[in-house]
Amino acid sequence: ELPPLYFRALCMLRGGLGMLALAHLNGLSITVPRAQWSRVLWLAAFNIVGWNVLIAYGVSALPSGRAALLGYTMPLWSMVLSVLVLGERVTARRIVALLLGLSGIVVLMGGSLSGLLEAPIGVICMVIAAWSWAIGIVLLKRLPVAVPTVALTGWMMLAGGVPILIAAIPLETARLAMPSPLAMGGMAYNTFIAFMFCYWAWNRIVLMVPVAVSSLSALITPLIGVLGGVVFLGESLGWHEILAALLILSAVATVSWRR
């Protein structure tokens with residue numbers, strides 16, 4: 001009911017303002033040092049704009065919704081970048097976890113693999129989106145900003161939401177219509193849960209643990225999406241989903257548990 005760019009921009013702008021309000025109400029500083037504003041803009045460019053815009057168009061161009069899981073090849077790219085940029089070590093445990101996780105994504109995609117060549121633009125969008133997300137993760141660790149994570153998340157969403165809204169005005173205004181109450185509820189959920197809480201939680205995780213650990217933990221997201229389709233949309237649960245769940249959970253466990 002809502003065009004994708006408008007949907008993302010409105011959720012981000014409201015979420016960003018909400019995060020800054022929360023930080024202020026809790027007595028936290030929301031002032032970004034002037035010399036570090038360029039860092040905030042770089043973080044927003046890759047973590048917010050690049051990822052959100054490219055997946056919106058990539059998903060719409062692909063023949064199957066599960067082909068959108070190409071975006072979750074991100075751990076592969078982030079692990080490579082973490083070695084080159086951050087100097088993190090590639091351990092046997094992390095390589096095994098990466099292979100398990102990517103195998104789970106391939107299993108989840110299932111029959112979608114054969115249809116990817118039919119939509120090369122969609123494939124390109126999703127792979128570049130994955131690269132954008134991976135670069136954003138590495139930059140979040142490489143370019144620290146001297147504000148609390150709550151405030152940083154708010155400023156990133158505002159800095160990313162504004163250009164998306166500017167792009168949406170000429171591209172999608174003709175498609176705007178008053179959304180139904182159910183769609184408004186979806187916007188509220190995305191604003192408060194998916195954007196405010198989850199973006200904050202994700203940034204905290206990235207700053208706390210090695211890139212390999214945070215990246216592989218994100219693979220639970222498409223798994224929940226597929227299983228959610230079983231619960232809410234009546235989609236079938238087959239051996240693909242069960243095997244993918246075992247592979248992805250094994251990947252996360254491999255990098256998360258201590259010896």
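The values are calculated or read from the model by the stated rules, or taken from the named source; none is laboratory data. Just so it is clear, the structure is predicted and the values come from calculations on it, not from any experiment. Here Cβ is always computed from backbone atoms with ideal geometry, including for glycine, and neighbour counts include all displayed protein chains. Heavy atoms of the whole protein, side chains included, go into the accessibility calculation; ligands, DNA and RNA do not. Shrake-Rupley method; radii C 1.70, N 1.55, O 1.52, S 1.80 Å.
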Output the number of residues of the stretch 238-259 satisfying the condition of being assigned to a helix (DSSP H, G or I) and exposed (fewer than 15 other Cβ atoms within 10 Å of the Cβ).
6
Restricting attention to the stretch 3-40, report how many residues are within 15 Å of Asn52 (Cα to Cα) and open to solvent by 30 Å² or more (accessible area, probe 1.4 Å).
5
Looking only at the stretch 45-97, which residues are touching a Phe, Trp or Tyr at 6+ places or on another chain (Cβ under 6 Å) and open to solvent by 40 Å² or more (accessible area, probe 1.4 Å)?
Trp77
(1) closer than 24 Å to Val96 by Cβ; (2) within 20 Å of the chain's Cα centre (by Cα): which one isn't true of Ser250, the others all being true?
(2)
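Determine which member of the set Gly238, Gly186, Gly228, Gly161 is on the phi < 0 side of the Ramachandran plot and touching a Leu at 6+ places or on another chain (Cβ under 6 Å). Give the derivation first.
Numbers: Gly238 fails: touching a Leu at 6+ places or on another chain (Cβ under 6 Å); Gly186 fails: touching a Leu at 6+ places or on another chain (Cβ under 6 Å); Gly228 fails: touching a Leu at 6+ places or on another chain (Cβ under 6 Å).
Step by step, each of Gly238, Gly186, Gly228, Gly161 is checked, and only Gly161 is on the phi < 0 side of the Ramachandran plot and touching a Leu at 6+ places or on another chain (Cβ under 6 Å).
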Take the residues in the stretch 102-114 that are crowded, with 16+ Cβ neighbours inside 10 Å and farther than 10 Å from Ala244 by Cβ; name whichever of them is modelled with the lowest pLDDT.
Ser112
